[in-house]
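Inspection log for the structure reproduced underneath, given as structure tokens.
The values are calculated or read from the model by the stated rules, or taken from the named source; none is laboratory data. Note that the structure is predicted; figures quoted are calculated from it, not measured. FYI the Cβ positions are ideal-geometry reconstructions off the backbone, even for glycines, and counts take in every protein chain you see.
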Amino acid sequence: MKNFIRKKENFICEHCGKRVVGDGYTDHCPKCLWGKHVDREIPGDRESDCRGLMEPIRVLYEKGIFKIIYKCTKCNHEFGVRSRKGDSRKLLVSMVK
Ligand SMILES: [Zn+2]
Ligand SMILES: [Zn+2]
């Protein structure tokens, strides 16, 4: 058994350089929406050691919720995460297909 402690982490977006204040769940940059491949299955699990940049490839809009579909630029892993409060709505809307 390993202790899983969710830690708050701030990070600098490796895509646009924005300083992002993390709340422990933050997995992508609210400005450009790029993320980093750190989670394997569940957002926040931080189980992946890939650390590649995650490119937002499209956005789904369902029942009032934006879902961002990512593709890792390093390992090609694809997954979707819910958008977060503070994400650029303009960018989200422009990416809905
Ligand atoms: Zn960014
Ligand atoms: Zn990856």
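Assorted remarks:
- When ASN76 is tested against (1) at negative phi; (2) without any contact (Cβ under 8 Å) to a residue 40 or more places away in the chain; (3) of a type in the set (S, T, N, Q), exactly one condition is not met: (1).
- Meets criteria (assigned to a loop (DSSP other than H, G, I, E, B) and more than 16 Å from ligand 1 (Cβ to nearest atom)) for LYS8: yes
- The stretch 40-69 residues that are more than 20 Å from GLU14 (Cα to Cα) and aliphatic (A, V, I, L, M), paired with ones that are in a loop (DSSP other than H, G, I, E, B) and modelled with pLDDT under 95 (beta carbon under 9 Å, 6 or more apart): VAL59/SER83; VAL59/LYS97; LEU60/LYS97; ILE65/SER83
- Within the stretch 52-68, the set of residues being surrounded by 13 or more Cβ atoms within 10 Å (Cβ to Cβ) and in a loop (DSSP other than H, G, I, E, B) comprises GLY52 only.
- For ILE42, the criteria (1) surrounded by fewer than 15 Cβ atoms within 10 Å (Cβ to Cβ); (2) within 13 Å of ligand 1 (Cβ to nearest atom); (3) at pLDDT below 95 hold in every case but one, which is (2).
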